[in-house]
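Heads up: the structure comes next, in structure tokens.
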Amino acid sequence: MQVLRWIFATMVLALLGACATPSLNDDSGFVAIDRKEPAYTVYVGIPAEKLEETRRRLAREEGWELVPWTVFRNDPERYVGARIARDDYPGSRAAEGVVRLIQKYPGNPVGLTWNGGIAITYADYRHAKKTHELYVSSPTDYERSRITDPRRDPVHPKVHLGPLLGW
């Protein structure tokens, strides 16, 4: 049920942002941050003209925070990097990648996983949740089962940042 609520809220935000979404380069936008799930954090760029509508819709949901785009962009460590509980991808520039993805694709949800991965698809979020649950129940089993090949790891930052940002 919680996953369905999250999907609905994310789709609403995506639809709000997708309608003639201006770039967040104009410094007037906001970022909606959903920190409800310990396995991942979801970020969505919101143009200034959609702010009130977004506030009304998110008023019914708990766990969302709206941050001005300029504040978010200037402090990625506070809003993104601090959400990485365990960095399985050192040097991946995941925090910078999240900021750039929001800037380039406002209105589209971007996920940061608990271990520093990037989640875009529903399968990515499910993978993050599954690996987080395994890590919490048995760090040793998580370590043994961890996918180290970036081509097989669905949340490895290179999987998404390469194609979407050209990194």
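The values are calculated or read from the model by the stated rules, or taken from the named source; none is laboratory data. In this text, all values refer to a predicted model and were calculated from it rather than measured experimentally. Heads up, the Cβs are rebuilt from the backbone with ideal geometry, glycines too, and the neighbour counts pull from every protein chain shown.
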| query | Out of all the residues in region 117-136, is one or more within 16 Å of Glu77 (Cα to Cα) and of a type in the set (Lys, Arg)? | reply | no
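Let's see how each residue does on (1) surrounded by fewer than 23 Cβ atoms within 10 Å (Cβ to Cβ); (2) in contact with a Gly (Cβ under 7 Å, 6 or more places away or on another chain); (3) closer than 30 Å to Ser137 by Cα:
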{"residue": "Ala48", "(1), (2), (3)": "yes, yes, no"}
{"residue": "Trp69", "(1), (2), (3)": "no, yes, no"}
{"residue": "Arg83", "(1), (2), (3)": "yes, no, yes"}
{"residue": "Gly97", "(1), (2), (3)": "no, no, yes"}
{"residue": "Leu112", "(1), (2), (3)": "no, no, yes"}
| said: Cβ-Cβ distance below 7 Å, separation of 6 or more or different chains: which pairs start in region 31-44 with a residue that is within 18 Å of Glu133 (Cβ to Cβ) and modelled with pLDDT under 95 and end on one that is in a strand (DSSP E or B) and among the hydroxyl-bearing types (Ser, Thr, Tyr)? | reply: Arg35/Thr41
| query | Mind checking which residues of region 98-120 are modelled with pLDDT of 95 or more, part of a helix (DSSP H, G or I) and either more than 17 Å from Val71 (Cβ to Cβ) or in contact with a Cys (Cβ under 6 Å, 6 or more places away or on another chain) (or both)? | reply | Leu101
| Lone qualifier among Tyr142, Tyr125 - being farther than 14 Å from Pro38 by Cα and assigned to a helix (DSSP H, G or I) | Tyr142
| said: Can you tell me which residue is surrounded by the most Cβ atoms within 10 Å (Cβ to Cβ) among those in region 114-138 that are free of Cβ contacts under 8 Å to residues at least 24 places away in the same chain and hydroxyl-bearing (Ser, Thr, Tyr)? | reply: Ser138
| query | Of all residues in region 71-81, which are among the basic types (Lys, Arg) and crowded, with 17+ Cβ neighbours inside 10 Å? | reply | Arg73
| task | For region 36-93, name all the residues that are of a type outside the set (A, V, I, L, M) and assigned to a strand (DSSP E or B). | result | Tyr40, Thr41, Tyr43, Gly45, Trp64, Glu65, Pro68
| remark: Residue pairs within 8 Å by beta carbon, gap of at least six or interchain, first lying in region 92-110 and closer than 18 Å to Asp27 by Cβ, second crowded, with 19+ Cβ neighbours inside 10 Å and basic (Lys, Arg), listed first then second, are Val99/Arg73; Gln103/Arg73
| query | Are any of the residues in region 139-151 surrounded by 13 or more Cβ atoms within 10 Å (Cβ to Cβ) and at positive phi? | reply | no
| remark: Residue pairs within 6 Å by beta carbon, gap of at least six or interchain, first lying in region 47-63 and under 18 Å from Pro109 (Cα atoms), second of a type in the set (Gly, Ala, Ser) and part of a helix (DSSP H, G or I), listed first then second, are Glu61/Ala9
